[in-house]
Amino acid sequence: MSAPVGHYQYDRIDRDFLQARIAEFERQVNRRLDGTLSEDEFKPLRLMNGLYLQLHAYMLRVAIPYGILDSRQLRKLGEIARRYDRDYGHFTTRQNIQFNWIRLEDTPAILRELAEVDMHAIQTSGNCIRNVTADEYAGAAADELVDPRVHAEILRQWSTLHPEFTFLPRKFKIAISGSPNDRVAARFHDIGILARPGEDGAPVFRIFVGGGLGRTPVIGQELFDSVREEHLLATLEAILRVYNAHGRRDNIYKARIKILVQAIGVEAYREAVEAELSQMDLERYRLTPEAVAAIRSRFAVPQLEAPADADAVLAQQRRDDPLFDRWVRSNTHVHRDPGHIIATISLKPAGGIPGDATSAQIARLADLADAYSFGEIRITHLQNVVLGHVRKDRLRDLWLGLAEVGLAEANIGLIGDIVACPGLDYCALANARSIPIAQKLGARFADTALQAEIGALRINISGCINACGHHHAGHIGLLGVDKRGEEFFQLTVGGRAENGAAIGTILGAALPEDETVDAIARLVDCYLGRRESGETFLDTLTRLGHEPFREAAYEAV
Amino acid sequence: MKRPVRLEPGQKLVLTANRLLDGRTVWWCADGSWDLHIGRAALLDADETEAVLARVAGEAQRDGVVGVYDTAVQAVMPPEPVTVREKIRAHGPTVHPEFAVESQQ
Ligand code: HEM
Ligand code: SF4
């Protein structure tokens, strides 16, 4: 088989390892079923293999390294949804997929099926380095400076089964981007990495530490401005060692690196990292140009050939079909090749469940990826799907194909493109349901012309303080809280994960569930009534401050 | 540590857990079995619950269930949990009416 476009190709060692790991887990499952292992003993073992116990069933989280899949892998995910789940899967903000209705006894068989396509669920849970996320437009966007996938893959290999970092104080999340436009929420990660070309052509890396959401939202601080490629792994290793040695293990709420960085200050953290580096064997961690080239060679390069009139064909089609034009406006991004374009497929149908896709939709996405984008698919941290390399003159055919399976919603970056965690409909930790609010908001703002009129506005919903729906980073954020067993929502405004990262400000007391959607509609009305020409929601909010929005939200209460 | 149970008038307690094999939510019945349907759950008074819970939890492995605990319900037929969380566990995700526990065997 030729190397896949977009992700690293496994070799024999990778595959043998996965089989051994599945056999081990199967034995653990059997010992759990026959009672040799208690639940307390088994729980950490199943979590290491991505298996959670939720409200109604087991949930399996499958890793999608840096969010990139090939069509064969996506098809397999669809088959698993059909065969072992209830015919759908849920794509998450960490570019993974979760299956909500898994049986414990089926899990080894599912893992074997995943291994057939070089996939697994390892390190999707537990206090280890989780799936490294990357820019969803990697290797395709015109605004990209460095393709982050090669280094994301290097980080994947470094962090997978790293013996020293398997039992960190707490989970650890890394994101990497190579564009000046942050599309990975770099400053909300334990480590955020922004790559750019250095003077000698080799990339250099700007590294942020200590960002995060959850109970204590913190914006990551710059630890180093320009780490050279050869020192990338040594630097990360040193950052993790300092955290592993000094991060708190006595209190789960204070265990993330962000708390350590806050406690000692970023300067002291930097000094500790430098001290660690000074006594490390740097040779051992040196990332040589040869090593980078070897990884790069495991990625196939798409042959981007387009007819000379591809751009003109697309322009004409947009003039002829206003609906198509609207979709192109919201759901595409400029490709580095003038004959190609990046298409983002919304998994946010009006009134639907954000991030869910049926097995039929998943299968169709795989077919469309084969037909239009070199068989390559990306999952975004906003729970959508990207086809990275679509020929401009074929974009309309893709759009028509998407429409057949209800995936042609024109709402990327707009109010309908809601991010929501599973919430109390599934999640054992939840306070409130996230999905129904998303559905009601989606239905309320279903009109795509209205959405285009409202412009860039991101709503994020989390069902509890763990913030899996990134509510602190939403332009409008909703946090579910429990008041005596009833669902309430706290509203925040002004958060953003992109450049100029900010944590949303709480508007006031939490609202009962049935008043929340109306309150948000009033926030939007307040913005539409007061915005000046060309302003987005965030612009108007910045100009006017929170007070008018607070008044609007609480007006009827 | 067991928190003291405060029941409102008209409320009782039921025992619930997840099935080991498939994780499904189940409810403890008077005959010692576990059932998907809360309608068959045994209704317990606050003062007897602690002892019953301790006994039933001790048999969880034999019974193929995980994480036994008690929760308050309105003592009507079928009993209805007091909290949204337990209502959702009893009836299934609200966003997929087709998966309602009531429609399953
Ligand atoms: C349903 C099962 C899930 C459970 C039990 C769960 C659990 C948690 C917990 C406990 C935290 C807080 C960690 C901390 O602050 O130290 C967290 C954070 C997070 N989770 Fe989840 N989660 C679940 C699903 C999801 C889903 C579906 C997504 C994506 C939509 C997701 C993405 C995240 C993200 C992005 C964070 C924030 C990381 C940070 O604090 O910086 N999780 N999760
Ligand atoms: S934010 Fe809370 S409710 Fe939502 S998935 Fe995370 S842990 Fe569950």
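The values are calculated or read from the model by the stated rules, or taken from the named source; none is laboratory data. Keep in mind the model is a prediction, meaning the values are calculated, not measured. Cβ: placed from backbone, ideal geometry, glycine included. Neighbour counts: every protein chain shown. Quick note on the areas: whole protein, heavy atoms, side chains included, nothing else; ligands and nucleic acids left out. Shrake-Rupley method; radii C 1.70, N 1.55, O 1.52, S 1.80 Å.
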### Query
Residue separation times 0.36 nm, minus the C-alpha to C-alpha distance between residue A:283 and residue A:86: what's the value?
65.9 nm
### Cysteines having no other Cys beta carbon under 4.7 Å from their own, within the protein assembly as shown
A:128, A:427, A:464, A:526, B:29
### Message
Taking 8 Å as the Cα distance limit and 6 or more residues as the minimum spacing, I'd like the relative contact order of region B:11-103 as a percentage.
### Response
30
### Computed log₁₀ I(q)/I(0) - Debye formula, equal Cα scatterers, no solvent, region B:11-103, q 0.11, 0.15, 0.20, 0.26 Å⁻¹
-0.28, -0.52, -0.93, -1.47
### Task
Mind giving me the nanometre distance, one decimal, between the label points for residue A:319 and residue B:103, set 7 Å out from Cα along Cα→Cβ?
5.0
### Query
Based on the Kirkwood radius over alpha-carbon pairs, what is the Stokes-Einstein translational diffusion coefficient of region A:310-403 at 10 °C with 1.306 mPa s viscosity, in µm²/s?
117
### Task
Give me the distance between the Cα centres of region A:355-403 and region A:117-132, rounded to whole Å.
24
### Task
Can you run the Rg to Rh ratio on region A:22-148? Use alpha carbon positions and the Kirkwood inverse-distance Rh.
1.02
#### Entry: Relative contact order of region A:310-403, pairs being alpha-carbon contacts under 8 Å that are 6 or more residues apart, as %
32
#### Entry: Theoretical FRET efficiency, 1/(1+(r/R0)^6), r = Cβ-Cβ of residue A:9 and residue A:109, R0 22 Å, to 0.05
0.35
### Task
With just the Cα atoms of region A:364-417, tell me how far they stretch along each of the three principal axes, in Å, largest first.
30, 21, 20
### Task
Using a 1.4 Å probe and ignoring any ligands, DNA or RNA, find the accessible area of residue B:33 and quote it in Å² to the nearest 10.
50
### Task
For region A:419-554, just the Cα atoms, rotate onto the principal axes and tell me the three extents in Å, largest first.
45, 29, 27
## Note on the structure
Residue separation between residue A:535 and residue A:293 times 0.36 nm, minus their alpha-carbon distance, gives in nm 82.6 nm
### Message
Taking only Cα atoms of region A:168-211, what ratio of Rg to Rh do you get with Rh as the Kirkwood inverse-distance radius?
### Response
1.05
### Task
Run the dipole for the protein assembly as shown about the Cα centre, Lys and Arg Cβ at +1, Asp and Glu Cβ at -1, nothing else charged, and hand back the magnitude in debye, nearest 20.
740
#### Entry: Cα-based Rg of the protein assembly as shown normalised by 2.2 N^0.38 Å, two decimals
0.97
### Task
Taking all pairs of distinct Cα atoms, average 1/r, flip it, and tell me the Kirkwood hydrodynamic radius of region A:252-305 in Å to one decimal place.
14.9
### Summary
Contour minus Cα-Cα span, residue A:528 to residue A:371, at 0.36 nm per residue, comes to 52.4 nm
### Query
Helices from chain A with mean Kyte-Doolittle at least -0.5 and a Cα length along the axis of 24 Å or more, per DSSP H: which?
A:513-530
### Task
Return the FRET efficiency for the residue pair residue B:31, residue A:429: r is the Cβ-Cβ distance, R0 is 45 Å, and the value is rounded to the nearest 0.05.
0.85
### Task
Please work out the Cα center distance from region A:280-348 to region A:166-198, rounded to the nearest Å.
21
#### Entry: In region A:453-557, the trypsin sites (Lys or Arg not before Pro) that fall in loop regions by DSSP, at most 14 other Cβ within 10 Å
A:484
### Query
List the lysines whose alpha-carbon lies under 30 Å from that of residue A:258, not counting same-chain residues fewer than 8 positions away?
A:43, A:171, A:173, A:483
### Task
DSSP loop (so not H, G, I, E, B), at most 14 other Cβ within 10 Å: list which trypsin sites (Lys or Arg not before Pro) in region B:1-54 pass both filters.
B:2, B:6
### Summary
By accessible area (1.4 Å), largest first, A:147, A:518 order as A:518, A:147
### Task
Pick out, in residue order, every one of the chymotrypsin sites (Phe, Trp or Tyr not before Pro) in region A:441-539 that is DSSP loop and has at most 14 other C-beta atoms within 10 Å; say none if there are none.
none
### Message
Let's test the formula: R0 of 35 Å, r as the Cβ-Cβ distance of residue A:166 and residue A:456. What FRET efficiency results, to the nearest 0.05?
### Response
0.30
### Task
Please give, to one decimal in nm, the separation of the simple spin-label points placed at residue A:36 and residue A:555, each 7 Å out from Cα toward the Cβ.
6.6
### Summary
Interface call, region B:45-83: threshold 40 Å², probe 1.4 Å, accessible heavy-atom surface of protein chains, chain by itself vs complex, result B:61, B:66
